[in-house]
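Computed from the coordinates by the stated procedures, all read-outs in this text should not be read as laboratory data. Just so we're clear, the structure is a prediction, and the values are computed from it rather than from any experiment. As a convention, Cβ positions derive from the backbone with ideal geometry for all residues, glycine included, and neighbour counts pool all protein chains shown.
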Amino acid sequence: MKCEELLKQLNEYVDGTVDPGICAEFERHMAGCNPCQVVVDNIRKTITLYRAGVPYELPLEFRDRLHQALRAKWRETHSAD
Amino acid sequence: MTELNPSATTDLELVHRAKAGDLAAFEALATRHAERVYSLALRMLRHEQDAEDVTQQTFLSALESLPGFRGESSFSTWLLRIASHAALKVIRKRRGLDLTSLEAVTEPAEEFGQIPHPEFIADWRWSPAQLVEQHETRRLLEEALARLDEKHRLVFLLRDVEGFSIRETATALGLSEGNTKVRLLRARLQLREQLTQALGDPATRLTPGHHEH
Ligand SMILES: [Zn+2]
């Protein structure tokens, strides 16, 4: 396996869906290739960072409007009949 | 009305109470999840007003669909699916294509052969755990995401951030699975490149290898 071929299997490897035969080859390549090791590590960390936390705050004025809209909808759908 | 201690109550308990007619329970769910929904919408749409509209629509339709929520997935997963689809609807409208494939306006299938190679390869100076504590990180992440083409950004957000499967992502975007995978790889590599430029330790920088093992 060359670096370039490794790149093509990168998604599956990072997601743990690569088939076992290719996975073994992938790991053999990485054991002898520092750059590929670091790229895989960088990508894992990239995904971890984007999954962590909530990037934006809810505008206060919008939060109030949202709750008003929910209460109005609730009354509409929960009216007694 | 029952006393709510929001932090100690699980989503599922709140869902049960809301189903039984407790508005305060539904509002507690909205308070808990609104920021997450808004953030996803803003990341997808890059427009504050549109993100607010999508957030509101999401909770209104969750309110209506709540009786049908059976808890097969977590409440937040269910909610974020609704939000993703609402945001995609806005994107389709912007492109003037009603409910048809997003694929129609993009170029033909992308090939793995054209994937750019990693350039700046280095260990990061901080761990993800340290980085999430740093104020600067948020700006860096959002700027890098904004620099992606929309077609790559959407695939990354649905697949990697919201946890859609490849097939779900492909279906939601009207793409083939093959094309979805290529876009995902491009998105991951581009984000990696940008983040590593900013976070990589130059002392550990490696030249791209041409190894054969
Ligand atoms: Zn390599």
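Please determine whether any residue of region B:162-177 is within 23 Å of B:Glu110 (Cβ to Cβ) and within 16 Å of the ligand (Cβ to nearest atom).
So far as region B:162-177 goes, no, none of its residues is within 23 Å of B:Glu110 (Cβ to Cβ) and within 16 Å of the ligand (Cβ to nearest atom).
Out of region A:14-51, which residues are touching a residue at least 12 places away in the same chain (Cβ under 8 Å), more than 14 Å from B:Leu189 (Cα to Cα) and more than 7 Å from every other protein chain (Cβ to nearest Cβ)?
Result: A:Ile22, A:Glu25, A:Phe26, A:Met30.
For region B:27-38, give me each residue that is facing another protein chain (nearest Cβ under 7 Å) and not aliphatic (A, V, I, L, M).
B:Glu27, B:Glu35, B:Arg36, B:Tyr38
Just wondering, is there one or more residues in region A:39-60 that are more than 23 Å from the chain's Cα centre (by Cα), within 16 Å of the ligand (Cβ to nearest atom), aliphatic (A, V, I, L, M) and exposed (fewer than 13 other Cβ atoms within 10 Å of the Cβ)?
So far as region A:39-60 goes, no, none of its residues is more than 23 Å from the chain's Cα centre (by Cα), within 16 Å of the ligand (Cβ to nearest atom), aliphatic (A, V, I, L, M) and exposed (fewer than 13 other Cβ atoms within 10 Å of the Cβ).
In this structure, is A:Val54 facing chain B (nearest Cβ under 7 Å), in contact with a Lys or Arg (Cβ under 8 Å, 6 or more places away or on another chain) and more than 26 Å from B:Phe120 (Cα to Cα)?
Here the answer is yes, as A:Val54 does meet what is asked.
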